[in-house]
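The values are calculated or read from the model by the stated rules, or taken from the named source; none is laboratory data. Note that the structure is predicted; figures quoted are calculated from it, not measured. Methodologically, a virtual Cβ is constructed for each residue, glycine included, from the backbone with ideal geometry; neighbour enumeration extends over all protein chains shown. Ligands, DNA and RNA are stripped out before the accessible areas are found, and what is left, the full protein with its side chains, is counted by its heavy atoms. Shrake-Rupley method; radii C 1.70, N 1.55, O 1.52, S 1.80 Å.
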Amino acid sequence: MAGAAPTTAFGQAVIGPPGSGKTTYCLGMSEFLRALGRRVAVVNLDPANEGLPYECAVDVSELVGLGDVMDALRLGPNGGLLYCMEYLEANLDWLRAKLEPLRGHYFLFDCPGQVELCTHHGALRSIFSQMAQWDLRLTAVHLVDSHYCTDPAKFISVLCTSLATMLHVELPHVNLLSKMDLIEHYGKLAFNLDYYTEVLDLSYLLDHLASDPFFRHYRQLNEKLVQLIEDYSLVSFIPLNIQDKESIQRVLQAVDKANGYCFGVQEQRSLEAMMSAAMGADFHFSSYPCSLESWPQPRGRRGAQEWPHLPCR
């Protein structure tokens, strides 16, 4: 962004399939960040989003509406959404003008749930690339519904989609298994949760699929997909329960290390801080200027006295 003294901005590009919890994540994360003392601006880039639960600083619907596009061009929801992103890509001056007054805020971009936008269509990647030219450092936060863990075939599909997204979007990337508070309702997992989050030896999934007469015929195909995933060795997940602030804290630590926020906005990057981040220490939370006593209590959850507090300086 233009200016006499440009300042690096940081944020998250929240992506994932429809229904994975992106909008709920933006609401919960924005409240968490404000409790930490950060100034937050949530930007809705999904023209299909209606009835937003969070305070929206910028809404792409002011530029282009999905309903108008569908009516004018006689497109379905999928084609209309792709057109809207291409229209935004062609009118990035509008987005830049909207973001300029928000310099100094931490950005949360609530992105469309159209899978092809993150796997092979170029519009969203081009938008993110242009934001980087504005000195906006983003981490892609990719949400996947945790219920896919209960089905080995679907989990392999999710791994392929996550890998394709990581390679296509070209941003620092954090994958999340969302709705972990509901996973008990989805059915019994074939393996421990660590197996899915760390994406351990996938040959066990193949053996599990081989017991199904339908998937037995596709063993060679599944073997090749698993080999591809393991050859890249890029995909892992962090479990997320948006109602649990400890869970959100773990996600934020990973995101802050990915986009460089934890190293200091004003080049305050000591060797000790960088090494602590590389080793996975929690050093940057000790410098935050407040505890989370103001964090809203989820209904039916633990009492206030049981919530752990982040240290104050």
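Around the amide H of Thr139, modelled in the peptide plane, lie the amide H atoms of Gly11, Gln12, Ala13, all under 5 Å away and 5 or more residues distant in sequence or on another chain.
Taking GluC sites (Glu not before Pro) across segment 1-88, the ones in a DSSP loop with at most 14 further Cβ atoms lying within 10 angstrom of their Cβ are Glu50, Glu55.
Shown in residue order for segment 39-47 are the 3J(HN,Hα) couplings computed by the Karplus curve 6.51 cos²θ - 1.76 cosθ + 1.60 at θ = phi - 60°: 7, 10, 10, 8, 10, 8, 9, 9, x Hz (x for Gly and Pro). For segment 40-61 and segment 129-147, what is the separation of their C-alpha centers, rounded to whole Å? Value for the Cα centre distance between the two parts: 16 Å. Solvent-accessible surface (1.4 Å probe) assigned to Cys160 amounts to roughly 40 Å².
What does the extension gain come out to for Glu62 and Thr8, with contour length at 0.36 nm per residue minus their alpha carbon separation? Walk me through the numbers before you get to the answer.
Numbers: separation 54, 0.36 × 54 = 19.44 nm, distance 2.60 nm.
So the chain would gain 16.8 nm between Glu62 and Thr8.
In sequence order, segment 239-253 has phi-based couplings of x, 10, 10, 5, 7, 10, 5, 5, 5, 5, 4, 4, 5, 5, 4 Hz under the Karplus curve 6.51 cos²θ - 1.76 cosθ + 1.60, θ = phi - 60°, and Gly or Pro positions carry x. For Asp145, the amide hydrogen comes within under 5 Å of the amide hydrogens of Ser178, counting only partners 5 or more places away or on other chains and with H modelled in the peptide plane.
Among the listed pairs Lys22/Lys257; Lys22/Lys224; Lys188/Lys224; Lys224/Lys257, which have their C-alpha atoms separated by more than 29 angstrom in this model? Please list the in-between numbers first.
Values: Lys22/Lys257 21 Å; Lys22/Lys224 31 Å; Lys188/Lys224 27 Å; Lys224/Lys257 33 Å.
Result: Lys22/Lys224; Lys224/Lys257 exceed 29 Å.
Residues Trp134, Trp94 ordered from highest to lowest accessible area at a 1.4 Å probe: Trp94, Trp134.
Assuming R0 = 45 Å, what is the FRET efficiency of Ala90 and Tyr186, from their Cβ-Cβ distance, to the nearest 0.05? Kindly include the intermediate steps, with their values, before the conclusion.
Numbers: r = 41 Å, r/R0 = 0.91.
Step by step, r from the Cβ atoms, then E = 0.65.
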